[in-house]
1. Read phi for every residue in the range 38-49 and hand back ³J(HN,Hα) as whole Hz from Karplus 6.51 cos²θ - 1.76 cosθ + 1.60, θ = phi - 60°, with x for Gly and Pro.
2. Would you please name the trypsin sites (Lys or Arg not before Pro) within the range 125-184 that are DSSP coil residues with at most 14 other C-beta atoms within 10 Å of their C-beta?
3. Compute the acute angle (0 to 90°) between the alpha-carbon long axis of helix 2-26 and the principal axis of greatest extent of the alpha-carbon atoms of the chain; round to the nearest 10°.
4. So which aspartates and glutamates can LYS72 reach, going by Cα to Cα under 12 Å and dropping same-chain residues fewer than 8 places off?
5. Using unit Cβ charges (K, R positive; D, E negative) and no other charged atoms, how large, in debye to the nearest 20, is the dipole of the chain about its Cα centre?
6. Report, in degrees rounded to the nearest 10, the 0 to 90 angle that the Cα long axis of helix 150-183 makes with the longest principal axis of the chain.
7. Cut-off under 19 Å on the C-alpha distance; same-chain residues fewer than 8 positions from LYS15 excluded. Which lysines are left, in chain and number order?
8. Between ALA169, GLY46, GLY88, whose Cα lies farthest towards the positive end of the dipole of the chain when Lys and Arg beta carbons carry +1 and Asp and Glu beta carbons carry -1, centred on the Cα centre?
Amino acid sequence: MIEDIKQDTQERMTKSVEALGNNFNKIRTGRAHPSILDGVSVNYYGADTPLNQVANVSVLDARTLSVSPWEKQMTPEIEKAIMKSDLGLNPVTTGDLMRIPMPPLTEETRKGYIKQARSEAEGARVSIRNVRRDAIGDVKELLKEKEIGEDDDRRAQDDIQKITDKFVAQVDAALAAKEKDLMEI
């Protein structure tokens, strides 16, 4: 019973860390990376479709992305979707190939992105703490129903806290790596 609670806790905390990683991928650094465009949706015959399902996104060089649509008539739609996104990117279309130069980050935008990254990390920490609260509540419920003893309750709470500390450390490490990445020139 307690093992099930701990297993569920770990799975939910892992999802929080994965979500943080996805959110960090959307924060633009100075280098070109295809995951920057993961959040862009294109109007594909009336349905919003992720960009990577209507075009091939690749890296041309350190500061340029290349987008080649699978259908030529989708080029203006893709261009419009990239410009509408809040990434600050301006695609340059030549024929059926779209080049997206990554503008260099100013000190001010770097600080803004770091602030955004810290906010995302804090959101992940809150999510992890909420999972811990739910798990400890489940353990206390077992104690109240006399399915476990007080020693098992204390041991389970300590184990859940150790799991929480491990995942918070992962969030802190991911944030430190993202900050270092953002501050590189």
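1. Taking θ as phi minus 60°, the curve returns 4, x, 7, 10, 10, 6, 10, 6, x, 10, 6, 10 Hz for the range 38-49.
2. On the way: sites: ARG125, ARG129, ARG132, ARG133, LYS140, LYS144, LYS146, ARG154, ARG155, LYS162, LYS166, LYS178, LYS180; in loops: LYS146.
Those satisfying the criteria are LYS146.
3. Result, in degrees: 20.
4. ASP96
5. Details: 28 positive and 33 negative charges, 161 e Å.
Computed charge dipole of the chain: roughly 780 debye.
6. Between the helix axis and the principal axis of the chain, the angle is about 20 degrees.
7. Filter leaves LYS6, LYS26, LYS162, LYS166, LYS178.
8. GLY88
Only the coordinates and a few stated rules stand behind these numbers; no lab work does. From a predicted model like this one, the values you see are computed outputs, not experimental measurements. Because the Cβ atoms are built from the backbone with ideal geometry, glycine has one as well, and the counts that use them run over all protein chains shown.
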